[in-house]
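Input: a single structure, listed below in structure tokens.
The values are calculated or read from the model by the stated rules, or taken from the named source; none is laboratory data. All figures in this text were calculated on a predicted structure; none of them were measured in a lab. Quick reminder, even Gly has a Cβ in these numbers, built from the backbone with ideal geometry, and neighbours come from all protein chains shown. The area values use the complete protein model at the heavy-atom level, side chains included, leaving out ligands, DNA and RNA. Shrake-Rupley method; radii C 1.70, N 1.55, O 1.52, S 1.80 Å.
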Amino acid sequence: MNANSPEATPGPRPAAPDAAAAGRIVLLTTSHRVAPGLLSWPAWQALHAADRVLCADGAHPQLPYLREAGIAVEESSPTAQELVDACAGGRTVVVVATGEGEPALTDGLARLAGGGRLTMPELELLPASYDLPGARLLDLVQVMDRIRTECPWSSQQTHKGLAKYGIEEAYELVEAIEEGDRDELREELGDVLLQVVFHARIAEEDPDEPFSVDDVAGGIVAKLIHRHPHVFGDATATTPEEVKEHWLRTKAVEKQRTSVTEGVPLGQPGLALAAKLASRARTAGLDIPLPPVEGIGYELLALAVRAEAEGVDPEAALRAAARAYRDAIRQAEG
């Protein structure tokens, strides 16, 4: 073939696909844990600039607020191909995602993009609102509220009836800490947290002195701020000992107790009780001799006081020794 023949003359190259003409898809996600209508500024900008705004859920909690702001929202659930077609000519389509996050739509778009036969619109995931740390606690409060209302067992529980579970969960948490099992620790912390939320939910129903989990949280927040003047105030503390001094001083002012033994729960395990009393006496600068009485109980008391003075938790030390004894028993059993 002659190189100069028309057949050999290269023709014009095909034009490169115009990415801008393919348009833009914005998948707008929101958190149900944030009040509807509280959206980020980029989200509002995208909504106002969009050629179309779609939402598959006509009861989406954001819709009334979007419409109030002048955003025309179409109740529509397009396929991936329909959405791509809607963006042709450089149009922007915003999809207000439902709670599930539109997995079918995003999977469909991924398949179209993977086929390589289409010039795909620009795809942007835009969080319009997102969770702050601790936001999942709101879910726990909502779940507990529903369980309290609808569960035949939970709806009948009282503070007294649940008290034993609080003790059990606390012990299981301590065991998870001592065993060093991270998965177990996370689970047991959740179980302890459940006890707090459960009791707070029951407390809401008290006819005379009701309070809620918000009151519980508000109380501990106020206490922590007041007892940490070196963090939230003008006081200075550079060592753990100085921090403890601040804590004890502010606690003494708050409680106005007449005895260092006030507030020590007598129902706790014996060794822990003895160590706590010894700690209170030592912190107050009281040199109280041990009762000059013979017997195993007084010997254990002396050991607990000695352990506390040496910075050892006698309960933890005894549990560690008991676990070693358990292992020795199992080894002897073969």
Query raised in the report: If ligands, DNA and RNA are left out, what is the accessible area of D234 with a 1.4 Å probe, given in Å² to the nearest 10?
Result: 150
Query raised in the report: Quick one: if the Förster radius is 51 Å, what FRET efficiency do E241 and Q45 give, using the C-beta to C-beta distance and rounding to 0.05?
Result: 0.45
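Find the Cα radius of gyration of segment 45-139, compare it with 2.2 N^0.38 Å by division, and give the number to two decimals.
Details: Rg = 14.7 Å, N = 95, 2.2 N^0.38 = 12.4 Å.
Normalised Rg, Cα atoms only: 1.18.
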Query raised in the report: Counting each DSSP H run of 4 or more residues in the chain as -39500 (n - 2.57), what helix-only mean residue ellipticity at 222 nm follows after dividing by all residues, to the nearest 500 deg cm²/dmol?
Result: -16500 deg cm²/dmol
Requested in this report: Collect residues whose amide H, placed 1.01 Å from N in the peptide plane, falls under 5 Å from the amide H of V95; neighbours closer than 5 in sequence don't count.
Outcome: V26, L27, L28, L54
Query - With Cα atoms, 0 to 90° folded angle of helix 103-115 axis to the chain main axis - result: 50
Requested in this report: Measure out, as a whole number of angstrom, how far apart the alpha-carbon centroids of segment 57-117 and segment 186-208 sit.
Outcome: 40
Requested in this report: Report Rg(Cα)/(2.2 N^0.38 Å) for the chain, keeping two decimals.
Outcome: 1.64
Query raised in the report: Excluding ligands and nucleic acids, what accessible area in Å² is computed for R330 using a 1.4 Å probe, to the nearest 10?
Result: 150
Query raised in the report: Which ³J(HN,Hα) values, rounded to whole Hz and listed in residue order, are derived for segment 24-39 from phi using the Karplus coefficients 6.51, -1.76 and 1.60 in 6.51 cos²θ - 1.76 cosθ + 1.60 with θ = phi - 60°, glycine and proline given as x?
Result: 8, 10, 10, 8, 9, 10, 9, 9, 6, 8, 10, 4, x, x, 8, 10
Query raised in the report: Tell me, what ³J(HN,Hα) does each residue in segment 256-269 have, in order and in whole Hz, if you take phi through Karplus 6.51 cos²θ - 1.76 cosθ + 1.60 with θ = phi - 60° and put x for Gly and Pro?
Result: 6, 7, 8, 9, 5, 7, 5, x, 8, x, 6, x, 6, x
Requested in this report: Return the lysines within reach of K223: Cα separation strictly under 23 angstrom, same-chain partners fewer than 8 residues apart disregarded; answer none if there are no such residues.
Outcome: K244, K251, K255, K276
Report task. Order F198, F232, F211, most accessible first, counting only protein heavy atoms with a 1.4 angstrom probe. Result -> F232, F211, F198
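Can you give the extra length, in nm with one decimal, that the chain gains between L132 and R323 once fully stretched, where that is 0.36 nm per residue apart less the Cα-Cα distance?
Values: separation 191, 0.36 × 191 = 68.76 nm, distance 4.10 nm.
Working it through step by step, the gained length comes to 64.7 nm.
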Report task. Give the accessible surface of the chain per residue, rounded to a whole number of Å², with probe radius 1.4 Å and ligands, DNA and RNA excluded. Result -> 67
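For the chain, with all protein chains present and a 1.4 Å probe, just round the carbon and sulfur fraction of the accessible area to a whole percent. Walk me through the numbers on the way to the answer.
Working: 12790 of 22280 Å².
That fraction is 57 percent.
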